[in-house]
Amino acid sequence: MIPLPSFETERLLLRPLKRSDAKAIYEYSWRDDVGPRAGWAPHQSIKDTKRFIEYALSKPARKQPGVYAVILKAEKRLIGTMEIHSFFEGFKAEIGMVCHPAYQNRGYMHEASKAAMVYAFEFLNLRRLGYSHYPDNKPSERLREKLGFTYEGTLRNFHKRYDGQIVDFVTSSFTDDDYLKHYDSVFEPFKKTLTVK
Ligand SMILES: CC(C)(COP(=O)(O)OP(=O)(O)OC[C@H]1O[C@@H](n2cnc3c(N)ncnc32)[C@H](O)[C@@H]1OP(=O)(O)O)[C@@H](O)C(=O)NCCC(=O)NCCS
């Protein structure tokens, strides 16, 4: 079984998703400015959210790490999800995240992503972490730049969205060498604020 430890950062708790998170996730997953930007259809009802949670909970059985709920400690509130997905043969995976619009632009996803990167490189021992987004997803582009991912290219007509549209995909990556390069300046100081549970 792949470990999925909980992480506490200065402002957040990342812990494995639970069935009881459905209501909090549905608060944003119905919106058309959230899921479609990450490639999934807005949830039509909480039933879709429950189906998503069942899918997330089935990941360990499919040799995938699973999905984190991102909890804002000050409000004891779920504000998004974070995931290391598409884990492949123990050496590479992709990072993906979603934040409730009411909590965007406050650095929470930057903080949660750094915890996920510690998880990716120190617990999963990845050699490569990919980050992909649609070309028009500027907040996502900004976040991956802030995290230090290297742009690799734009794959043309690469992805079929949930609505059937064929779209380009911007890909970037962060390697284990990048992790070492950024360790002293970014990850070591960050880890001083991090608790693993
Ligand atoms: C993409 C997404 C996760 C980005 O989240 P976000 O909330 O914008 O990200 P963050 O707030 O963590 O980081 C980015 C900004 O917050 C700012 N910020 C505010 N307070 C901050 C703090 N205390 N610490 C660090 N950054 C802070 C940063 O400066 C940065 O803005 P900048 O561009 O001016 O530098 C979010 O827009 C989202 O959920 N979108 C819908 C789904 C989606 O697109 N998912 C990604 C699919 S690839």
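The values are calculated or read from the model by the stated rules, or taken from the named source; none is laboratory data. Note that the structure is predicted; figures quoted are calculated from it, not measured. Counting neighbours? That spans all protein chains shown, and the Cβs are built from the backbone with ideal geometry, glycine included. Surface areas here come from the heavy atoms of the whole protein model, side chains and all, with no ligands, DNA or RNA. Shrake-Rupley method; radii C 1.70, N 1.55, O 1.52, S 1.80 Å.
Structure notes:
- Of all residues in segment 130-145, at least one satisfies being closer than 18 Å to T171 by Cα, open to solvent by less than 30 Å² (accessible area, probe 1.4 Å) and in contact with a Lys or Arg (Cβ under 6 Å, 6 or more places away or on another chain).
- So R37, is it within 15 Å of the ligand (Cβ to nearest atom), surrounded by fewer than 20 Cβ atoms within 10 Å (Cβ to Cβ) and modelled with pLDDT of 95 or more: yes
- Against the numbered list (1) modelled with pLDDT under 95; (2) under 19 Å from P139 (Cβ atoms); (3) not hydrophobic (A, V, I, L, M, F, W, C), P3 comes up short only at (2).
- Residue pairs meeting the criteria (Cβ under 7 Å; at least 6 apart or on separate chains; first under 29 Å from V170 (Cβ atoms), in segment 37-61; second of a type in the set (V, I, T) and in a helix (DSSP H, G or I)): H43/T49; T49/I25
- Going through (1) surrounded by fewer than 19 Cβ atoms within 10 Å (Cβ to Cβ); (2) of a type in the set (G, A, S); (3) closer than 18 Å to H85 by Cβ one by one, S20 falls short only on (3).
- Taking the criterion of being open to solvent by 10 Å² or more (accessible area, probe 1.4 Å) and within 13 Å of the ligand (Cβ to nearest atom), the residues of segment 83-98 that qualify are E83, H85, S86, E94, G96, M97, V98.
- Every residue from segment 108-150 that is over 22 Å from V196 (Cβ atoms) and away from the ligand (no atom under 14 Å from the Cβ): R128, T150
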